[in-house]
Each structure stands twice: as structure tokens, then as C-alpha cells.
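For reference, the structure is listed below as C-alpha cells.
The values are calculated or read from the model by the stated rules, or taken from the named source; none is laboratory data. What you see is a predicted model, and the numbers here were worked out from it, not measured in a lab. Cβ placement follows ideal geometry from the backbone for every residue including glycine, while neighbour counts extend to all protein chains displayed.
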Amino acid sequence: MTVETNEPGWEVDPDDEWGVAVITTVGRQLRLRREAVGMRAADFGEAVGYGEDLVYKVEGGKRIPRQEYLDRADAVLDAGGLIAAAWEDVKRVRYPKRVRELGKLEGKAVEIGIYECNSVHGLLQTPEHARALMEAAQPPYSVDDVERMVAARLARQTVLGRDPAPSIHFVLEEAPLRRPVGGTMVRQRQLERLLEVGRLNHVTLQVMPTSTDAHPGVDGKIELLKFPDGTAVGRSDGAFNGRPVTDPKDLRILELRYGTIRAQALPSRESHAFIEQLLGET
């Protein structure tokens with residue numbers, strides 16, 4: 001078997017206490033099972049297709065293993081599926097803590113309101129669009145980090161198919177829809193994706209034309225999430241220093257701003273026609 005040169009996972013965020021605990025436990029179990037069968041780290045690494053140093057990193061809780069690593073380890077150590085089953089916990093840890101927390105909130109929300117000014121919102125991005133954005137970052141991310149972040153972004157999109165579905169409202173600026181992120185084909189697929197999501201009966205998608213006069217969103221994006229118990233959380237780049245707020249007085253300010261933005265944007269039907277026009281121009 002050819003030994004792979006790429007590392008079999010991702011770095012563990014030291015500030016992610018739960019993530020560190022999960023990966024440390026999985027690594028310890030891998031080491032104990034390997035030692036129990038009398039296999040040296042170098043021999044084990046060769047058997048699963050990774051270098052010895054990477055085996056030590058995984059066993060030491062320094063790296064988040066990929067699913068194929070756990071599957072191969074399970075077969076080599078004859079673990080009967082116990083090691084492979086650890087992927088159910090590991091796959092959640094591979095996403096950054098902030099993304100997991102955001103996904104958890106979106107998963108609980110009964111109503112989600114989003115105004116995005118600088119890009120297509122993450123819940124609407126195609127994999128190719130998301131990858132192109134992340135590959136454009138400076139300083140550049142590693143290939144592994146890009147793939148990890150793309151996977152995390154796509155995982156959040158499961159909220160669109162949740163049952164019962166939340167009511168979701170998007171307002172997107174025109175300018176990002178015109179930006180050829182990833183090239184012509186990627187842009188076409190992204191515009192098609194907007195139309196697909198916009199047709200869902202629990203989604204309202206609006207476009208804010210560049211020709212529109214000044215509005216409360218010029219300071220940055222706004223997010224509002226409301227939950228079944230009547231509580232809510234909101235965030236805005238241009239208010240409260242960008243921090244999440246839950247106080248009813250602060251939420252009323254964000255709701256007022258968001259409501260004004262929605263009123264100034266194109267209605268849903270006209271927005272769809274606008275996106276179709278952009279698609280025809282590509």
C-alpha cells in the first residue's frame with residue numbers, strides 16, 4: 001500500500017473543549033487497540049496508508065482523523081466496527097466550533113431572516129461557489145482547510161430541508177449576484193441554485209437592486225433567528241459591535257432595520273425575474 005503524504009485530518013481547535021475531548025478519546029482508543037495487538041506505529045501507518053508521524057498525531061489527539069482513516073484502522077485492528085463508529089462523533093468535531101454553534105441555532109429556529117450585502121449567503125451557496133470564495137482568501141487556506149470549510153457550509157444547508165421547515169427570508173444585494181465568482185459556469189449554477197431555493201414554499205428570496213436608495217443595511221449584514229419558545233437572537237455588522245443580541249429592545253432595532261430592508265427590496269416574484277434575467281445574460 002502506498003503511504004499518503006497528505007495529513008489524514010484537520011487541526012484540532014485548542015479552544016474547542018468538546019472537540020478536544022472527543023478527538024483525545026478517539027486517539028487514545030486507537031493507540032490502546034494498536035498496542036493490544038502488538039503493532040508498532042510504523043507498521044500500523046503502513047497498513048492504513050499513512051506515515052508514522054501522522055499516526056502519532058491522531059493518537060495524541062492533535063489531528064481530527066478522516067472517515068477513511070477510521071475505516072481502515074477498524075479493518076486493520078479487527079475492531080468489528082467499533083472504531084469506524086467513532087466517525088459519528090468525529091464528523092461533528094471537524095467543523096469549527098463557531099460553525100457548529102451557528103448550525104445548532106439555525107436547526108432550532110422557526111423563523112430565519114437574513115440580509116446579506118457582500119456575497120451570496122452561505123445557506124444559498126453551491127459547493128463550487130463556496131470553494132472559489134475560500135480559495136480567494138489571503139493569506140490562503142490549505143487545501144484541507146478549504147475542503148473542511150466547504151463541508152461545514154454545506155452541512156448547515158440541511159436546515160433548508162428540515163421537517164417541519166422554518167420560515168426563511170433572504171434579502172441579497174444585486175452586486176454579489178453579478179460578480180463572476182469561480183467563472184461563468186459556477187456563476188450560472190449559483191444563480192440556478194438561488195432560483196431553486198427561492199421556489200421552496202417556506203423560503204422568500206428578495207433582491208436589493210443597486211439602484212435602490214440608501215437603506216438600513218448599508219452598514220453590513222443582518223441575521224435574525226426566532227425560536228419556538230418566543231425567544232430570539234440577532235446580529236448585525238452595523239449594530240452592537242457585531243455581537244449577538246437577545247435583549248428585546250436590541251432585537252426590536254434589528255427587526256425594524258430588517259423590515260425596512262425587505263420593504264425596499266424587490267418583491268419575491270420580481271426578484272426571481274431579476275435573477276432569471278441575470279442568468280440569461282451569462
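Quick grid of which residues meet (1) outside the structural domain of Gly61 (by TED's automatic domain parsing); (2) out of contact with any Ser or Thr (no Cβ under 6 Å at 6 or more places or on another chain); (3) surrounded by fewer than 20 Cβ atoms within 10 Å (Cβ to Cβ); (4) in a loop (DSSP other than H, G, I, E, B):
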position: Glu88; (1), (2), (3), (4): no, yes, yes, no
position: Leu105; (1), (2), (3), (4): yes, yes, yes, no
position: Ser119; (1), (2), (3), (4): yes, yes, yes, yes
position: Pro140; (1), (2), (3), (4): yes, yes, yes, yes
position: Arg148; (1), (2), (3), (4): yes, yes, no, no
position: Ala155; (1), (2), (3), (4): yes, yes, yes, no
position: Thr158; (1), (2), (3), (4): yes, yes, yes, no
position: Ala165; (1), (2), (3), (4): yes, yes, yes, yes
position: Ile168; (1), (2), (3), (4): yes, yes, no, no
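Taking the criterion of being without any contact (Cβ under 8 Å) to a residue 60 or more places away in the chain, of a type in the set (A, V, I, L, M), assigned to a helix (DSSP H, G or I) and surrounded by 13 or more Cβ atoms within 10 Å (Cβ to Cβ), would at least one residue in the stretch 253-269 satisfy it? Yes: one or more hits.
Evaluate the following for Gly230: is it of a type outside the set (Ser, Thr, Tyr) and over 28 Å from Arg162 (Cβ atoms)? It is false that Gly230 is of a type outside the set (Ser, Thr, Tyr) and over 28 Å from Arg162 (Cβ atoms).
Taking the criterion of being touching a helix residue (DSSP H, G or I) at 6+ places or on another chain (Cβ under 7 Å) and surrounded by fewer than 16 Cβ atoms within 10 Å (Cβ to Cβ), the only residue of the stretch 107-117 that qualifies is Gly107. Where helices (runs of 4 or more DSSP H) fall wholly inside the stretch 3-85, the ranges with 1 or more residues that are within 21 Å of Ala151 (Cβ to Cβ) and charged (D, E, K, R) are 52-59, 67-76. Of everything in the stretch 26-43 that's more than 33 Å from the chain's Cα centre (by Cα) and of a type outside the set (Gly, Ala, Ser), which residue is surrounded by the most Cβ atoms within 10 Å (Cβ to Cβ)? The selected residue is Arg34. Outside the structural domain of Glu17 (by TED's automatic domain parsing) and touching a strand residue (DSSP E or B) at 6+ places or on another chain (Cβ under 8 Å): is that true of Gly51 in this structure? In short, no.
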